[in-house]
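The values are calculated or read from the model by the stated rules, or taken from the named source; none is laboratory data. The structure presented is a predicted model; accordingly, all values stated were derived computationally and were not measured. We place every Cβ from the backbone using ideal geometry, glycine too, and count neighbours over all the protein chains shown.
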Amino acid sequence: MMRLATGTLALALVLGAVGPALAANPMVGGAPMYETKDIIENAMNSKDHTTLVAAVKAAGLVETLRGAGPFTVFAPTDEAFAMLPAGTVETLLRPENKAMLTKILTCHVVAADALAADIQAMIADDGGRHTIRTVGGCEFTATARDGKVMIEDGQGNVATVTIADVRQSNGVIHVIDRVLLPAM
């Protein structure tokens, strides 16, 4: 009886040691997110990111975000886009506004693979506020509250990371609840 208990304990310890390494990505927009797929492949499956996917296509950024990376993408939901003033998304999707759309989208991308714990460590190291420099040339401020990363954009709006650490083959996605806008 004692041998069985010891063997069971050993098996539990081994499985426990393996468990975290096999932890699955969180679901996003009702869809599984696969570490073996790139940012675009996964985003296209999220029902909460249809506006973002349409915007990435309109800006011509699909191939870029399928690239090797690594990228950290702060991915606003459809609800985040809906919070913009009426008509903003439709206006940005027009071909004549491609430059502005590209600027806004690339302000959501960092050329690094930064998990939430990494960002929180940088925030702590910088006294509670860390400057994030994006691919689009924006500088935003990251803070943390109640264990969540928050990003203040160039206009003073604050987005909260609602789903962190969605690993991709070419980086990581953090789902956010607001669209980040550059300083005007």
*Of (1) farther than 15 Å from PHE71 by Cβ; (2) under 13 Å from the mean Cα position of the chain (by Cα), GLU152 satisfies all except one. Which?*
(2)
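If you scan region 50-93, which residues turn out to be in a helix (DSSP H, G or I) and either touching a strand residue (DSSP E or B) at 6+ places or on another chain (Cβ under 7 Å) or under 18 Å from ALA31 (Cα atoms) (or both)? Spell out the reasoning first.
The initial filter retains those residues of region 50-93 that are in a helix (DSSP H, G or I), namely 50-59, 62-65, 78-82, 88-92.
Scanning region 50-93 gives THR50, THR51, LEU52, VAL53, ALA54, LEU65, ASP78, GLU79, ALA80.
In region 84-98, which residues are among the aliphatic types (A, V, I, L, M) and either under 20 Å from ILE40 (Cα atoms) or surrounded by 15 or more Cβ atoms within 10 Å (Cβ to Cβ) (or both)? Steps first, please.
To start, the set of residues in region 84-98 that are among the aliphatic types (A, V, I, L, M) comprises 84, 86, 89, 92-93.
Passing the criteria: LEU84, VAL89, LEU92, LEU93.
Taking region 1-49 only, how many residues are modelled with pLDDT of 50 or more and in a helix (DSSP H, G or I)?
Number satisfying all stated conditions: 5.
For every residue, the table says whether it meets (1) more than 28 Å from ASN45 (Cα to Cα); (2) of a type in the set (Ser, Thr, Tyr).
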| position | (1), (2) |
| --- | --- |
| ALA121 | yes, no |
| ASP125 | yes, no |
| HIS130 | yes, no |
| GLY137 | yes, no |
| ALA159 | no, no |
| THR162 | no, yes |
| ASN170 | no, no |
| MET184 | yes, no |
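Just to be sure, is LEU105 in contact with a Lys or Arg (Cβ under 9 Å, 6 or more places away or on another chain) and in a helix (DSSP H, G or I)? Break it down into steps so the answer makes sense when it comes.
Details: in contact with a Lys or Arg (Cβ under 9 Å, 6 or more places away or on another chain): no; in a helix (DSSP H, G or I): yes.
No, not satisfied.
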*Out of the residues in region 108-137 that are outside any loop (DSSP other than H, G, I, E, B) and among the charged types (D, E, K, R), which is farthest from LEU181 (Cα to Cα)?*
ASP125
*Could you list, in sequence order, all residues of region 154-184 that are closer than 14 Å to PHE81 by Cβ and assigned to a loop (DSSP other than H, G, I, E, B)?*
ASN157, ASP177, ARG178, VAL179, LEU180, LEU181
_Residues to consider are VAL158, VAL109; find the one that is crowded, with 16+ Cβ neighbours inside 10 Å, more than 12 Å from the chain's Cα centre (by Cα) and modelled with pLDDT of 95 or more._
VAL158
